[in-house]
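The values are calculated or read from the model by the stated rules, or taken from the named source; none is laboratory data. From a predicted model like this one, the values you see are computed outputs, not experimental measurements. Because the Cβ atoms are built from the backbone with ideal geometry, glycine has one as well, and the counts that use them run over all protein chains shown.
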Amino acid sequence: MTQRILTGYRPTGKLHLGNLHGNLRGMIELQEKAECFFFIADWHALTTDYQDPSLLHAYIEEMVLDWLAAGIDPDKAAIYRQSDLPEVAEFQLYLSMITPLGWLERVPSFKEQQEQLQGKDIATHGFLGYPVLQAADILMVRADGVPVGEDQLPHLELTREIVRRFNFLYGETFAEPRSLLSHSPRIPGTDGRKMSKSYGNYISLTDPPDEIKRKVLSMITDPARRTRKDPGDPEKCSAFQLHKVYSADGLAGIAEKCRTAAWGCVECKGILAERVVESLLPFQERRRELESRPGFAWEVMERGLAKVKPVAGGVLADVRMRMGID
Ligand code: SF4
């Protein structure tokens, strides 16, 4: 039987190299062998950014265009916007009735995010409850598998706990979804930390070549290489981490030249920048072509909605019946 996969992305605008190598590549592979539901998690975006939703609409469109240009095929995967499927909100309400508060408070990211996002007031019902919204997203299509990074495993475990509780209370209704752990390379940002929009250290897939070169040249390198003559340790250099992805064929030579100070960092990073620019050319060409078709991203989401709607309707009818709301 074909596996059913669901994954969602918060709309944060244009995607970057970290997104591409993180889970976008995985999504492109999965659409070839599974029934895929890829949704734009705009309600999730509101849990932390409710104070200024002015860019949300534009971000959604940008992200869908990036997905399509990268190779997500709307004929293979259902692409839809979460808020176009109100069944999810109703389902979340039902699931929230049976989810103990303690389960939500102990999700590790709840405390971590509160500390990291100190400029934002996220002491809200919506933020505390977002793992329940995730459970509703997943169970709404009866997903068998959910691609996740290590840090998201506790969320999926919570969904599995909610499934067990639902089945215990109302009879066997849902199967527990499995995690599909992604083994993607770590993509460093220009400052050496994980590439992320929130750190402002990213290289967008749509950045023009000059911008990519500027960003790559600004990447943090081995601090021991203070002058051109100092030998370096490539493993202490964020540019080298990116070389591992973009220059795998010549990696040993690059490492050797670094260790022996046979070349300087500017030359080394110049080659890296060329590789990144070259690898993004087909994507950027396709992206420009998609941009020239106004409203195309929204058409794609409508098509995806038509695919997911009957699935969600069936699940919701079952849930209502089991919870006495039919
Ligand atoms: S030579 Fe290359 S790998 Fe070595 S520190 Fe400089 S940029 Fe990094």
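Yes or no, residue by residue, for (1) over 30 Å from R320 (Cβ atoms); (2) modelled with pLDDT of 95 or more:
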| position | (1), (2) |
| --- | --- |
| H16 | yes, yes |
| H21 | yes, no |
| F37 | no, yes |
| A45 | no, no |
| M63 | yes, yes |
| Q82 | no, yes |
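The rows are residues; the columns are (1) in contact with a Cys (Cβ under 8 Å, 6 or more places away or on another chain); (2) without any contact (Cβ under 8 Å) to a residue 60 or more places away in the chain; (3) within 16 Å of R4 (Cα to Cα).
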site: G26; (1), (2), (3): no, no, yes
site: L30; (1), (2), (3): yes, no, yes
site: A34; (1), (2), (3): no, no, yes
site: F39; (1), (2), (3): no, no, yes
site: D42; (1), (2), (3): no, yes, no
site: T48; (1), (2), (3): no, no, no
site: E62; (1), (2), (3): no, yes, no
site: D66; (1), (2), (3): no, no, no
site: P74; (1), (2), (3): no, no, yes
- Conditions (1) at pLDDT below 95; (2) closer than 26 Å to V64 by Cα; (3) not basic (K, R) -> D222 fails only (2)
- Failed item in (1) at pLDDT 95 or above; (2) in contact with a strand residue (DSSP E or B) (Cβ under 9 Å, 6 or more places away or on another chain); (3) assigned to a helix (DSSP H, G or I), with S96 passing the rest: (2)
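Results for (1) loosely packed, with under 14 Cβ neighbours inside 10 Å; (2) modelled with pLDDT of 95 or more, shown as yes or no for each residue.
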residue: M195; (1), (2): no, no
residue: S198; (1), (2): yes, no
residue: P208; (1), (2): yes, yes
residue: L217; (1), (2): no, yes
residue: T227; (1), (2): yes, no
- Query: Considering region 212-239 alone, what residues qualify as being part of a helix (DSSP H, G or I) and either farther than 19 Å from T190 by Cα or without any contact (Cβ under 8 Å) to a residue 24 or more places away in the chain (or both)?
  - Reply: R214, E235, K236
- What are the residues in region 244-297 that are within 11 Å of the ligand (Cβ to nearest atom), among the charged types (D, E, K, R) and touching a residue at least 40 places away in the same chain (Cβ under 8 Å), if any? K244, K269
